[in-house]
Amino acid sequence: MSILDNLFTLNLTTFILILVIVFIFARGVVIIQPYQQGLTIRLGTYTGRMNPGFRWIVPFITEVIKLDLRTQVIDVPSQEVITKDNSPTNVDAIIYVRVMDPEKAYFEVAAYKAATVALAQTSLRGIIGDMELDEVLYNRDLINNKLRDMLDRETDQWGVKVERVEIKEVDPIGAVKKAMTEQTSAERERRAAILRADGEKRAAILS
């Protein structure tokens with residue numbers, strides 16, 4: 001083998017080695033955003049938190065779980081609930097949550113968002129089930145506060161804080177909604193009749 005062949009082989013080997021080193025280094029690069037917290041797991045063992053910034057880990061054997069620490073909005077899908085006076089009603093809500101303890105939020109519950117939604121739906125059915133329809137319609141703040149306190153108490157074990165709860169819509173369904181519409185229409189007609197009678201009375205006095 002000539003000297004040129006040896007140099008070519010050496011250069012090729014060096015080039016491949018450099019590529020491997022660059023690849024390994026690149027695989028170990030981790031960037032944690034300012035609003036995130038990283039959790040490092042090496043060979044199945046939790047090794048600690050990783051703060052925001054440019055970080056490097058041992059690739060292939062280390063996993064980094066990134067958790068968002070900002071307030072997040074979770075939508076609670078509409079569901080049918082039965083009030084204390086047996087009125088079926090569709091109710092949905094919005095929950096504002098924030099991860100306070102990243103370790104608990106990841107290790108204590110499989111998916112804290114889905115778990116919070118399921119818990120909110122169950123709690124909402126219980127709260128509204130103890131109230132009559134009129135109370136539900138005119139006491140949203142009470143429902144919001146009750147639901148927030150119940151959720152916050154339960155999600156604390158997951159390292160998650162429920163900051164706020166808002167009931168988006170309370171929509172009676174079927175015959176209940178029809179009856180409410182008819183009642184509202186009748187009330188309007190009654191008020192209109194009173195106003196007409198009052199106007200006719202004043203006109204008669206002035207004439």
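The values are calculated or read from the model by the stated rules, or taken from the named source; none is laboratory data. Because the structure is predicted, anything quoted here is derived from the model rather than measured. Cβ atoms come from the backbone with ideal geometry, glycine included; neighbour counts cover every protein chain shown. The area values use the complete protein model at the heavy-atom level, side chains included, leaving out ligands, DNA and RNA. Shrake-Rupley method; radii C 1.70, N 1.55, O 1.52, S 1.80 Å.
For the stretch 1-103, which whole-number percentage of the solvent-accessible area (1.4 Å probe, protein heavy atoms only) is attributable to carbon and sulfur atoms? Before the final figure, lay out each step's value.
Working: 4190 of 6530 Å².
C and S fraction of accessible area: 64 percent.
Just need the relative contact order of the stretch 19-95 here, percent rounded to a whole number, with Cα pairs under 8 Å and 6+ apart.
Relative contact order of the stretch 19-95: 25 percent.
How are the C-alpha pair distances of the stretch 71-176 spread across 10 Å bins, as whole percents from the shortest bin up?
16, 48, 25, 10, 1
Can you work out the Karplus-derived ³J(HN,Hα) for every residue in the stretch 108-113? Use 6.51 cos²θ - 1.76 cosθ + 1.60 with θ = phi - 60°, whole Hz, and x for glycine or proline.
Coupling constants for the stretch 108-113: 8, 8, 5, 8, 5, 5 Hz.
Could you provide, to the nearest whole Å², the per residue accessible area of the stretch 61-151 with probe 1.4 Å?
On the way: 4600 Å² over 91 residues.
Ligands and nucleic acids excluded, the figure is 51 Å² per residue.
Accessible area of residue 98, 1.4 Å probe, to the nearest 10 Å²?
80
Evaluate the relative contact order of the stretch 61-179 (contact order divided by residue number), counting alpha-carbon pairs under 8 angstrom at least 6 apart; express in whole percent.
On the way: 195 pairs, mean separation 41.7, N = 119.
Computed over the stretch 61-179, the figure is 35 percent.
Out of the stretch 123-170, which GluC sites (Glu not before Pro) are coil in DSSP terms and have no more than 16 other C-beta atoms within 10 Å? Before the final figure, lay out the partial values.
Working: sites: 132, 135, 154, 163, 166, 169; in loops: 132.
Listed in order of number, the matching sites are 132.
When N counts the residues of the stretch 1-137, how does its alpha-carbon radius of gyration compare numerically with 2.2 N^0.38 Å, as a ratio? Numbers along the way, then the final one.
On the way: Rg = 26.7 Å, N = 137, 2.2 N^0.38 = 14.3 Å.
The reported ratio for this selection is 1.87.
Among 123, 138, 52, whose Cα sits farthest toward the positive end of the charge dipole of the stretch 43-180 (+1 at Cβ of Lys/Arg, -1 at Cβ of Asp/Glu, about the Cα centre)?
So the residue furthest toward the plus end is 52.
So what does residue 149 come to for accessible area, using a 1.4 Å probe and Å² rounded to 10?
Spelled out: residue 149, probe radius 1.4 Å, area about 70 Å².
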